Amino acid sequence: MKIILTGATGMVGSEVLKQALADTEITAVAAIVRKPVPVQHPKLTTIIRENFLDYSNLTEVFKNYDACIWCLGISQLLVTKEEYIVITYDYALAAANAMLKANPSIGFLFLSGAGADSKEKSRTIFARIKGKTENALLKLPFKKFYIARPAGIKPMQLKRDAKWYEKLLYYTYPFFKLITPAYVITSEELAKAMLNVVKNGYGNTVIENGELKELVI
């Protein structure tokens, strides 16, 4: 299987990349990124681009891949409301439409989050815009489409430029795993679960945190 990956330099995306390169069932990974990934591998093709709203020159790439795992995203705490909407909603919809136009059989897994509001009425920008993005993607004619909604994600390791909330989850994970195990997941578990879904499918379109943990193989 050949997959496209976005957000490959982020906390979750970098772990998906690591697990995909180690997975013998994944034969090729095309990482669409803004900056180079610190990894070299025979299965990896890195595609550097600045404009995540225009994919017109990637038609041939999209034709040759089986699925996309969309991990591109940012915390609502780090950007303005307008920037968050562009990064979360506009980028994902532009890519999804371009992929479908080039390859109607391509699968798509959107990394969302627990609490995403499908009614799009939440006062929280994260919940409202994630819900809006989910709804828009659901209307597209993907033959295989999934939404992953993890809750608290513990990074497997802290990078030098780790955000404060990543540090918080990293150090408090043992406590929350003990008290509320159904609401936490490691980036490794999440990556393995998402790869399992794009390879083997799943019965539900929306996959909540507890289901994701059960999909780790």
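Whether a residue is out of contact with any Gly (no Cβ under 6 Å at 6 or more places or on another chain), part of a loop (DSSP other than H, G, I, E, B) and not basic (Lys, Arg) was assessed, and Thr9 passes this test.
If you go through the stretch 69-88 one residue at a time, how many are small (Gly, Ala, Ser) and under 16 Å from Leu53 (Cβ atoms)? Residues meeting the conditions: 1. Picking from residues in the stretch 120-131 that are surrounded by fewer than 19 Cβ atoms within 10 Å (Cβ to Cβ) and of a type in the set (Val, Ile, Thr), the one that is nearest to the chain's Cα centre (by Cα) is Ile125. The numbered conditions (1) of a type in the set (Asp, Glu); (2) closer than 22 Å to Ile185 by Cβ; (3) at pLDDT below 95 are all true for Glu50 except (2).
Quick grid of which residues meet (1) within 22 Å of Ala148 (Cα to Cα); (2) touching a strand residue (DSSP E or B) at 6+ places or on another chain (Cβ under 9 Å); (3) among the aliphatic types (A, V, I, L, M):
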| site | (1), (2), (3) |
| --- | --- |
| Thr9 | yes, yes, no |
| Leu17 | yes, yes, yes |
| Ala20 | yes, yes, yes |
| Ala30 | yes, yes, yes |
| Glu50 | no, no, no |
| Ser56 | no, no, no |
| Phe62 | yes, yes, no |
| Ile74 | yes, no, yes |
| Phe110 | yes, yes, no |
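Would you mind stating whether Glu134 is at pLDDT 95 or above, surrounded by 15 or more Cβ atoms within 10 Å (Cβ to Cβ) and acidic (Asp, Glu)? In short, yes.
Within the stretch 87-103, track down each residue that is part of a helix (DSSP H, G or I), among the polar types (S, T, N, Q) and surrounded by 17 or more Cβ atoms within 10 Å (Cβ to Cβ). Across the stretch 87-103, the qualifying residue is only Thr88. Pairing residues of the stretch 89-111 that are under 13 Å from Lys143 (Cβ atoms) and at pLDDT below 95 with residues that are crowded, with 23+ Cβ neighbours inside 10 Å and not small (Gly, Ala, Ser), at Cβ distances under 7 Å and at least 6 apart in sequence or on separate chains, gives no pairs at all.
In the set (1) touching a Pro at 6+ places or on another chain (Cβ under 9 Å); (2) more than 17 Å from Cys68 (Cβ to Cβ); (3) at pLDDT 90 or above; (4) assigned to a helix (DSSP H, G or I), the condition left unmet by Ile185 is number (4).
Consider the stretch 18-73 and keep the residues that are part of a strand (DSSP E or B) and of a type in the set (Val, Ile, Thr). The one that is surrounded by the most Cβ atoms within 10 Å (Cβ to Cβ) is Ile69.
Annotation note: of Val33, Val86, Val37, the sole residue that is at pLDDT below 95 and either among the polar types (S, T, N, Q) or on the phi < 0 side of the Ramachandran plot (or both) is Val37. Report yes if Phe142 is out of contact with any Ser or Thr (no Cβ under 6 Å at 6 or more places or on another chain), at pLDDT 95 or above, assigned to a strand (DSSP E or B) and crowded, with 19+ Cβ neighbours inside 10 Å, otherwise no. So Phe142 fails the test.
The values are calculated or read from the model by the stated rules, or taken from the named source; none is laboratory data. None of these values were measured; they are calculated from a predicted model. Heads up, the Cβs are rebuilt from the backbone with ideal geometry, glycines too, and the neighbour counts pull from every protein chain shown.
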